[in-house]
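Take a look at the structure below.
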Amino acid sequence: MNKKPLLIGTGVLVGAAALFVLDTVIDGGAFKTIDPHFEGTCTAVHGVVGAEDITVDHTSGFAYISSHDRREWMRTGESEGGIYRYRPGSMAAPLEIAHDMEMPLHPHGISLWKNPNGGPDRLFVVNHPNKTEGDVTMDNAGSQVEVFEVLDDRLRHIRSVKPDEGFSLNDVAADGSDSFYATIDKGSKTQLGKTLETFGRLARGGIARGNEFTATRIMGDLVYPNGIQVSGDGRTVLVAETTGSRILAYDRADDGTLSLKAEMDTGTTLDNIEWGEDGSIWIGAHAVALKFPGHAKDGANRSPSQVLRLTFDGEAFEMEEIYLNDGEPLSGSSVAAPAGNRFLIGGVFDPLILDCGPKEGP
């Protein structure tokens with residue numbers, strides 16, 4: 001038997017696997033030099049844990065913060081989250097907003113819909129109800145979107161919107177009082193499949209379209225889509241891929257369908273997206289993604305935080321890095337929310353947010 005073809009074939013497979021691993025390591029930031037920088041100053045504001053997503057109401061000036069102690073949840077399966085309100089620049093502890101929802105609230109991505117008729121605004125919240133299988137694990141299966149009316153001192157629960165399949169939802173972007181888009185970060189249904197999908201960077205994620213009754217997948221073939229936003233005029237939908245590293249711009253038709261218009265490889269691991277009042281695009285990112293899993297397990301393991309500011313002229317993106325740290329004072333940045341000449345940085349696990357602005361004095 002001639003073993004040469006077998007050896008050649010084995011060598012090709014091993015070589016291809018080695019190249020894939022090397023590419024993953026490079027994209028994960030293993031060889032990236034971290035040179036912390038920011039032209040302004042940031043103040044650590046305590047009183048909120050795991051501020052995974054933040055959105056700013058540019059009319060009232062308040063920021064809404066999605067908070068959940070995920071390490072406690074992973075450890076015990078018993079950790080209630082909440083929505084907090086904070087005024088950028090105040091440096092006061094964020095205040096939790098009361099709500100009347102009876103089921104557990106484990107918030108993830110959030111989106112504020114502004115009522116054009118002067119009635120109550122609405123807050124859309126991705127929620128992950130408790131799910132345990134053997135050892136306690138955090139699993140996004142069973143994700144749903146909670147819709148709240150924003151009142152002066154509380155949130156009034158309107159409804160829960162469940163997808164027509166067991167999607168793993170991550171972020172939500174409202175474009176009406178009863179309509180939204182949401183990212184399906186992983187298309188696999190099993191925990192093993194989700195793990196392989198994440199680390200293998202398989203294009204099985206997608207986008208769901210939701211109404212007051214359900215949410216349905218309308219697009220697939222995305223690599224861990226995470227943040228999502230709809231432009232103020234409703235004509236553009238932006239999506240940030242995490243392990244795919246791309247920012248994607250879609251044209252939105254009158255019937256809500258999407259068609260890809262532009263994309264850019266950012267060379268980093270993206271998380272949530274927020275709009276600036278000037279139309280700029282702000283993204284919290286993970287400069288060294290390979291350090292994030294260790295940080296998720298133990299807060300002593302620090303993971304660099306990164307803030308990107310992008311512009312989009314309708315055809316192409318331009319990007320600049322606004323902020324970068326080495327994991328201190330905040331690790332695992334997942335969102336950067338602009339508010340006037342300031343911006344807030346939130347992270348997936350840390351017990352604080354950063355309130356950042358220009359330097360004071362000469």
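The values are calculated or read from the model by the stated rules, or taken from the named source; none is laboratory data. Note that this is a predicted model, so its numbers are computed, not measured. A quick note on method: Cβ atoms are made from the backbone with ideal geometry, for glycine too, and the neighbour counts reach across all protein chains shown. Accessible surface areas use protein heavy atoms only, side chains included; no ligands, DNA or RNA. Shrake-Rupley method; radii C 1.70, N 1.55, O 1.52, S 1.80 Å.
Laid out as a table, the results:
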quantity	calculated
Residue-by-residue Karplus 3J(HN,Hα) for segment 190-206, coefficients 6.51, -1.76, 1.60, Hz, glycine and proline x	8, 5, 5, x, 5, 5, 4, 5, 5, 7, x, 6, 7, 7, 10, x, x
Global geometry of segment 244-362, whether rounded, prolate or oblate, following the gyration tensor of its Cα atoms and the 1.5 cut on a/c	oblate
Label-point separation in nm, Ala98 to Lys359, each point 7 Å along Cα→Cβ	4.6
Over the chain, relative contact order from alpha-carbon pairs under 8 Å, at least 6 apart, %	17
Extension gain (nm, one decimal) between Arg154 and Thr216, 0.36 nm per residue minus Cα-Cα	19.3 nm
Percent RCO, i.e. relative contact order, over segment 227-294, from Cα pairs under 8 Å lying at least 6 residues apart	25
Relative contact order (%) - criterion: Cα under 8 Å, at least six apart; region: segment 273-362	27
Highest-fluctuation residue, Asn272, Asn117, Asn226 considered, GNM on the chain with Cα pairs under 10 Å	Asn117
Helix axis angle, 4-27 relative to the chain longest principal axis, alpha carbon, degrees	20
Centre separation in Å (Cα based) which lies between segment 166-185 and segment 57-92	19
Rough spin-label spacing in nm, given labels placed 7 Å along Cα→Cβ, for Thr59 and His37	3.9
For segment 78-203, the spread of Cα positions along each principal axis, largest first, Å	45, 31, 30
Entries of Lys261/Lys297; Lys189/Lys291; Lys114/Lys189; Lys186/Lys261; Lys186/Lys359; Lys114/Lys194 with Cα pairs more than 31 Å apart	Lys261/Lys297; Lys114/Lys189; Lys186/Lys359; Lys114/Lys194
Paramagnetic reach from Asp251 in segment 276-296 [backbone N under 19 Å; point 7 Å along Cα→Cβ]	none
Accessible area per residue in Å² at 1.4 Å probe, computed on the chain	44
Debye intensity ratio in log₁₀ form over the Cα atoms of the chain, taken at each q of 0.10, 0.12 Å⁻¹	-0.58, -0.84
Label-point gap, in nm, between Asp326 and Glu78 - each point 7 angstrom along Cα→Cβ	4.0
